[in-house]
Every structure is written in structure tokens, then in C-alpha cells.
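Shown next, in C-alpha cells, is the structure this report addresses.
Each value in this text was obtained by applying a stated rule to the coordinates, not by laboratory testing. Every value quoted in this text rests on a predicted model; they were computed, and no experiment measured them.
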Amino acid sequence: MEKKNKNETDNASDFDIFGLGGLFKGIEKLVDLAGKLQDEKEINKEGEINLDHLKKGMKGVYGFTIKSGIGGNRPTVETFGNIKKTPEGPKVEEEREPMTDVFDENDEIVVIAEMPGIEEADLKIDLKEDMLDISAARNTRKYRKELLLPVKVQKENMKVKYNNGILEIRIKK
């Protein structure tokens, strides 16, 4: 059995205090699996997983972000992509859920969404009080995300900018 030095043991227990030790081990395994799939040409450069064995031409995208809590809140894991967990097993949706971030700043709410492969004209944005619905479609790329904003806002106070696959929405409070 490999002997660990004191610093390695202390660092591992620090992660376990916050319940993150298993999470980091899981991430390490996921990164190893992604590397193997890329070597075997199962994942392309856009991060799409080849699912031809399920349906000819089907591509899947799955990822997650870890958001650290502010003010003592626990970290949260949010998924994105078009592979959803269901009681019957994984399901591949036609629409991808883009990776998003929502920032509650002093005088405005800022939403950032990654939606590569579309044009600004393809965007559809609907805002009703504190519910923001973002969608877009171009060729085989389809995105949709529904977000609950931290406060109620008005559509008239919204500014939208899209550049190189990054959507930025700023809404004055």
C-alpha cells in the first residue's frame, strides 16, 4: 500500500470536511473517461458525444459546473447539455441546455449563457417578472434554458449582447 505524507492526508481531510472529497474523486474519474473517449474519437472537438449506437447522427452533450456558495452556503452542481437523467435512464433531448451564470449586482441582474454555433438573429428571449426564458435554433444546434431570477424585473430594462457564442443579458432592477 502506498504511504501518503502528512500534507497529502491533511489536504484530503480538508476536502472531506466540506463534503467535497468524493466530488473531486468523481471529477478525476470523469476527466479520465473523457480523455479515453476523445482518444477513441467518441467525443469531438465541440465536446459532442457520438451516440450513433442509439440513433444514426445523434450527438449528446453533457457537462456540469460547480458553483461555490457565498456566505457559508454549500457548493452546488449544475448540469448543462442535452442528456437528462430520468427514472428510466438517460434521455437525449433535441435541445441543449446552455451553461449559464446569473449575477445579482447592485443595480442590475447579469445573465451569461454560452450558446456557440448560432447567430444573434436566432435568439428568442422572453422575460416575465422573475422568469427568463432563453432559446435559439440554427441548423442542428438548439438551445433552451429557463431561469428563475433573484428579483422581479421589467423587460423594458433589458439589454442583450451576443458575441462569439456568449450571450450577455443585463437587466436594470
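Could you pull out every residue, at least 5 positions away or on a different chain, whose amide H is within less than 5 Å of the one on Val153? Hs are placed 1.01 Å off N in the peptide plane, and Pro or chain starts have none.
Glu129, Asp130
When the distances between all Cα atoms of region 77-118 are binned every 5 Å from zero, what whole-number percent does each bin get?
For region 77-118, the pair-distance distribution reads 6, 18, 20, 20, 14, 11, 7, 3, 1.
Please list 3J(HN,Hα) in residue order for region 108-115, calculated via the Karplus relation 6.51 cos²θ - 1.76 cosθ + 1.60 where θ = phi - 60°; whole Hz, with x for glycine and proline.
7, 9, 10, 10, 10, 9, 8, 9
Calculate how large, on average over all directions, the projected area of the Cα convex hull of region 98-173 is; give the answer in nm² to one decimal.
Numbers: hull surface 17.7 nm².
Convex hull of Cα atoms, orientation-averaged projection: 4.4 nm².
Under the definition of Cα pairs under 8 Å and six or more residues apart, what whole-number percent is the relative contact order of region 70-173?
Here the relative contact order equals 24 percent.
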